[in-house]
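The structure under discussion appears below in the form of structure tokens.
The values are calculated or read from the model by the stated rules, or taken from the named source; none is laboratory data. All values reported here derive from a predicted model rather than from experimental measurement. Neighbour counts are summed over all protein chains in view; Cβ atoms, including those assigned to glycine, are modelled from backbone coordinates with ideal geometry. Side chains are part of the model used for accessible areas, which takes the heavy atoms of the whole protein and leaves out ligands, DNA and RNA. Shrake-Rupley method; radii C 1.70, N 1.55, O 1.52, S 1.80 Å.
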Amino acid sequence: MTMELRWDPLLGEWVMVSSVRRARPWLPTGFCPFCPGAPETGYGWRVVVLENRYPMLSPNPPEPSKHRFYKTGRALGRCLILVETPEHNVDDISDLPVDQIRLVLKTLQDVVAEESRRDYASYLLWFRNKGVEIGVSLTHPHSQIYITPFIPVRVKRELRSFKMYLKKTERCLLCDIIRVEEEDKVRLLHSTPTWTAFMPFHPHWPFEALLTPRRHVQLLTELDHRELGDLALMLKLVLCGFKNIFRKPTPYMLVLHQAPLKGNHNYYHLHLEIYGVEREENKMKYAAGMENGGGNFTYDTSRGERGGS
Ligand code: ZN
Ligand code: ZN
Ligand code: FE
């Protein structure tokens, strides 16, 4: 079995390599491993955290292979599944009551607190993929948690930008962006006393949202009772807004960008990003040659003019 990190020296980033997924057994149709009463879930829960049965990272990974030229590393970490409701037939997290979404976030907060104490845990990435269009095979509402021994590349890039901006201006980049968005107003999606959500000025995906707490915080565990409740409400409203675009559920990806778990990163500002990938009814935008090969995204502005606010 292979389960290791391989360093890409051309891009300077880790690739997680695992053969575990190939061992994925055939599941009888109609069986859902996330429903109450399944072998790993049991009964009597409203939200449950499970080990991902086909993880890319493990607290006890095998020794990585050795190569005379290429660098490898141990696939230390953890991959978890956050089952967001016992109800199988709910389509999306946004269909849950706000207090259930709040419970999902509270559970996630507890995982962040617990995992921060592990030696291997450099970072905790929470993400949610929605829609068969982007490869979601199990429809029972769930999201995923990767606890990684490295800082994900996009977060690393953001950390650098925040640091540079602070050095130049003595202010926080995202605190300044919140001010600009509230002055411009046109890209605002929704605001509460503790959070604001807007479409970025520089979107990568057809329908994109950035959700950020007004308070300059770095980790999910720093959010207080009220901020967590407001986030639950914001998630519901923004994701319901996404459904309204085509008057039906639309595929999206959601990710939490928080600071690394170790060290002091008080120059960073936590936020969530949501990428709606459907550009026209039943037509997906793909990260294709320019986006994947070049790394820069293209965006069609006629969409924003049609009612992006
Ligand atoms: Zn289910
Ligand atoms: Zn800030
Ligand atoms: Fe970000």
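Where the second residue is acidic (D, E) and near ligand 3 (Cβ under 9 Å from one of its atoms) and the first is under 15 Å from I93 (Cα atoms) and lies in the stretch 251-274, which pairs have Cβ atoms under 6 Å and are six or more apart or on separate chains?
Hits for this filter: V255/E273.
Looking at this structure, is G37 over 21 Å from Q144 (Cα atoms) and either free of Cβ contacts under 8 Å to residues at least 40 places away in the same chain or open to solvent by less than 40 Å² (accessible area, probe 1.4 Å) (or both)? Explain how you work it out, then say what you get.
Values: over 21 Å from Q144 (Cα atoms): no; either free of Cβ contacts under 8 Å to residues at least 40 places away in the same chain or open to solvent by less than 40 Å² (accessible area, probe 1.4 Å) (or both): yes.
Judged against the criteria, G37 is not a match.
For P149, only one of the following conditions fails: (1) open to solvent by 30 Å² or more (accessible area, probe 1.4 Å); (2) under 30 Å from R6 (Cβ atoms); (3) out of contact with any helix residue (DSSP H, G or I) (no Cβ under 7 Å at 6 or more places or on another chain); (4) within 15 Å of ligand 3 (Cβ to nearest atom). What is its number?
Every condition holds for P149 apart from (4).
From the list L237, L219, which one is in contact with a His (Cβ under 7 Å, 6 or more places away or on another chain) and of a type in the set (A, V, I, L, M)? Reasoning before the result, please.
Working: L219 fails: in contact with a His (Cβ under 7 Å, 6 or more places away or on another chain).
From the options L237, L219, the qualifying one is L237.
For V132, which of the numbered conditions (1) open to solvent by less than 20 Å² (accessible area, probe 1.4 Å); (2) within 16 Å of ligand 1 (Cβ to nearest atom) fails to hold?
Among (1) open to solvent by less than 20 Å² (accessible area, probe 1.4 Å); (2) within 16 Å of ligand 1 (Cβ to nearest atom), V132 violates only (1).
When you check L210 against the structure, is it open to solvent by less than 10 Å² (accessible area, probe 1.4 Å) and either in a loop (DSSP other than H, G, I, E, B) or within 20 Å of R154 (Cα to Cα) (or both), yes or no? Step through it out loud before you land on a result.
Numbers: open to solvent by less than 10 Å² (accessible area, probe 1.4 Å): no; either in a loop (DSSP other than H, G, I, E, B) or within 20 Å of R154 (Cα to Cα) (or both): yes.
When the stated conditions are applied, L210 does not pass them.
In the stretch 255-279, how many residues are part of a strand (DSSP E or B) and away from ligand 3 (no atom under 12 Å from the Cβ)? Don't jump to the end; show me each part of the working.
Of the residues in the stretch 255-279, the ones part of a strand (DSSP E or B) are 255-257, 271-276, 278-279.
Next, from what is left, pick out any that are away from ligand 3 (no atom under 12 Å from the Cβ): 276, 278-279.
The number of residues fulfilling the criteria is 3.
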